[in-house]
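Below is the structure I would like to discuss, written out as structure tokens.
The values are calculated or read from the model by the stated rules, or taken from the named source; none is laboratory data. Just so it is clear, the model here is predicted, and its values are computed rather than measured. Using ideal geometry, Cβ is built from the backbone for each residue, glycine included, and neighbour counts are taken over all protein chains shown.
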Amino acid sequence: MARVAAHNAEISESSHEIDYGLALHLGDVMYGNIGVSERLEFTVTGPVANEAARLEDMCKTLDRAILISSSVAEHLDLPLVSLGFQGFRGVRDPQEVFTLPEYTGPHPSGV
């Protein structure tokens, strides 16, 4: 992430910045090849996969480069900053979302 920020600083005069959002979530998923034999696609599916995708989408709305779910946060021995309970589209109950202290400001690329 530091390398991405350094790259973006180097090219700040152009429009080729690298934009990213990183979501860390934990849970059981189903994975494998899905489709017909002529067109198989390896994919991950299930509620946890959907929640991870929604968490990554929140990087934009919460203006943060890194978001961490409570299921990951409970296993980390790191200082974290709570961003409160957030509603996930398609998920009944709001979940607490965290970030790292060094990522509490606006997204480094300004997204």
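Report, ordered by the first and then the second residue, all pairs with beta carbons closer than 7 Å, sequence separation of six or more or different chains, a first member in the range 85-100 that is in contact (Cβ under 8 Å) with a residue 12 or more places away in the chain, and a second member that is part of a strand (DSSP E or B) and of a type in the set (D, E).
These pairs meet every condition: F85/E96.
Go through the range 93-111 and report how many residues are modelled with pLDDT under 90 and either charged (D, E, K, R) or touching a His at 6+ places or on another chain (Cβ under 7 Å) (or both).
1
Here's another thing I want to ask about it. For the condition under 27 Å from G32 (Cα atoms), surrounded by 11 or more Cβ atoms within 10 Å (Cβ to Cβ) and of a type in the set (F, W, Y), what is the one hit in F98, F88, F42?
Result of the check over F98, F88, F42: F88.
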